[in-house]
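Below is one structure, written out as structure tokens; comments come after it.
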Amino acid sequence: MGPFFYLLFLLSCHSLSISAAPPVAPPKLGEACNNVGGWYITSQVCHSVLDTDPQSQTADLNGIAIIAVNIATRNATLVLTDIKRFLQATSDPIQQKALQTCVQVYTDIIPKLKVAAESIKSNKYSEAGTVLDEALGVPAKCDDVTGNYPTIRALVDRVDVSFSNVVSVARAVVGYLANYYSG
């Protein structure tokens, strides 16, 4: 009875421990990026933004939306830094005034984006969407005041474009959640 039953006992215990392990949740990033097309975001653009954060590979849909907003917040901070650098580099008071407006609109949106991430944590997708809609308008506000200065406009557009893409992805993911996962 000895070794055979002992081996059988070990095998059955091993198979019980395997079957008792919780299943691994399938990745939700693909679902999110494949379903935001209605927001005019391609899956490739979605992945180009969200793949920059390794946590997006294992996050649930809510987590992906929070990650998207956090990426937008970091991007806004980088844009703000670049615009401040442009501001320090010019001595023209009219250009300085235009750039100060850009500094202000980016400074104002950063804390709001942080609130949007908190709203998503509470499944308040509509609130987060409102903030992201406002964030989508930030580059245009900056463009309005820098339009008469092609050199500054070119510099600001260079940093604004990626912000627009990042916020567009965040808005699309939040919109997807609002449409399909709201209570």
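Every number here is computed from the coordinates shown, using simple stated rules; none is lab data. Because the structure is predicted, anything quoted here is derived from the model rather than measured. Counting neighbours? That spans all protein chains shown, and the Cβs are built from the backbone with ideal geometry, glycine included.
Summary of values
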read-out: Spin-label model distance (nm) - GLN100 vs TYR181, 7 Å beyond Cα toward Cβ; value: 4.3
read-out: Pairs of alpha carbons in the range 85-170 whose separation is greater than 16 Å (percent); value: 54
read-out: Cα-projected label distance for GLN57 with LYS112, points at 7 Å along beta-carbon direction, nm; value: 3.5
read-out: Extension gain (nm, one decimal) between SER162 and ASN34, 0.36 nm per residue minus Cα-Cα; value: 44.0 nm
read-out: Student exercise, the range 95-170 dipole from Lys, Arg, Asp, Glu Cβ charges, in Debye to nearest 20; value: 160
